[in-house]
1. Under 24 Å between alpha carbons, and skipping anything fewer than 8 positions from Lys75 in its own chain: which lysines qualify?
2. Taking the simple approach of a point 7 Å from Cα along Cα-to-Cβ for both Thr16 and Phe208, what is their distance in nm?
3. Quick one: net charge of Arg240's neighbours, Cβ under 9 Å, K/R +1, D/E -1?
4. Going by average Cβ neighbours within 10 Å, how do the peptides 8-18, 39-49 rank, with the highest at the top?
5. Can you check what the net charge comes to around Phe195, using other residues whose Cβ is under 10 Å from the Cβ of Phe195 (Lys, Arg +1; Asp, Glu -1)?
6. From a point 7 Å beyond the Cα of Lys256 in the direction of its Cβ, which residues of the stretch 187-209 have a backbone N at a distance under 18 Å?
7. Mind listing the Cα extents of the stretch 163-252 along all three principal axes, in Å, largest one first?
8. So what are the ³J(HN,Hα) numbers for the stretch 246-251, from phi and the Karplus equation (6.51, -1.76, 1.60; θ = phi - 60°), rounded to whole Hz, Gly and Pro as x?
Amino acid sequence: MSVNVPKVFISYSHDTQAHKKWVLELAQRLRNSGVDAILDQFRVGLGDDLGGFMEKSVAESDRIIMVCTDNYVTKANSGLGGVGYEKMIMTAEYMTNIDSNKVIPLIRQNGTHNVPTFLKTRLHINFSREDEYELQFDNLLREIHQAPLFKEPKIGNNPFESVTARPLESVADKKTDLLKEWVKLYNQGVDFFIFEDLHQMLGCSKIFAEIYINELLTDNLIKRNREYITNYGCMLDVFRLTDKVKLYAIEQGWIKA
């Protein structure tokens with residue numbers, strides 16, 4: 001296994017067959033996306049020591065996904081375990097010693113956002129809504145691969161600083177600014193843009209505009225189609241927002257309900 005492949009242990013409770021299937025499919029999809037997802041359904045057979053498997057997996061993994069359901073939270077808070085598959089539930093005493101950023105609480109239950117008491121202060125990811133599964137899976141995968149959707153921009157120039165002391169290049173996050181403006185105009189009824197529109201909105205050279213737009217296409221934040229535009233009387237490439245970025249805009253508070 002390549003040293004660059006992140007290893008992730010998935011901890012969960014065997015609530016129902018449907019829940020076990022959901023966790024299995026999550027693990028399979030993670031593995032198909034370059035993550036060494038460790039799951040009891042892959043590696044534990046009859047007669048194996050579940051407690052030993054859990055402890056070994058936790059120690060060797062880069063991250064731990066704790067799939068939180070009401071049943072899981074109850075067991076974790078009560079320190080239940082030691083019988084059958086319930087050994088897979090991590091106790092508060094054991095998990096308290098884990099590095100704070102190693103554990104990823106994953107909300108699975110509907111109606112509540114409960115996590116084990118010892119994880120109350122840690123950021124979680126919410127998989128409770130099926131219609132947001134793709135967005136949240138992308139967020140989870142980016143977290144594991146340490147590939148954030150938007151990287152923190154560098155600090156720009158002091159507007160009161162002498163011009164001669166300023167760096168030569170601007171460090172503004174052009175893509176984020178473009179998407180925010182795009183979402184705003186979309187809500188005002190603008191359905192699509194052509195390249196010249198986006199170039200103007202970005203306020204940069206044509207070469208850099210092409211680079212930014214191609215990166216947004218690669219990240220599946222926008223889509224491109226070849227269409228006949230009546231106003232121009234010809235076929236042109238038109239660009240539209242994807243559902244992925246619309247959900248992201250809601251999550252980030254760029255728009256109000």
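A short reminder: the numbers here are calculations on the coordinates, not readings from a lab. Everything numeric in this text was worked out from a predicted model, so none of it was measured. In this analysis, Cβ positions are derived from the backbone assuming ideal geometry, glycine residues included, and neighbour counts consider all displayed protein chains.
1. Partners within reach: Lys20, Lys21, Lys56, Lys87, Lys102, Lys120.
2. With each label placed 7 Å out from Cα toward Cβ, I get 5.3 nm.
3. Details: positive: Lys223, Arg224; negative: Asp191.
In short, +1.
4. Numbers: 8-18: 19.0, 39-49: 12.4.
Sorting 8-18, 39-49 by mean packing, highest first, produces 8-18, 39-49.
5. Computed value for this residue: -2.
6. In the stretch 187-209, the label zone of Lys256 (backbone N under 18 Å from the point 7 Å along Cα→Cβ) covers 187-189.
7. 49, 34, 25
8. 5, 5, 5, 4, 5, 4
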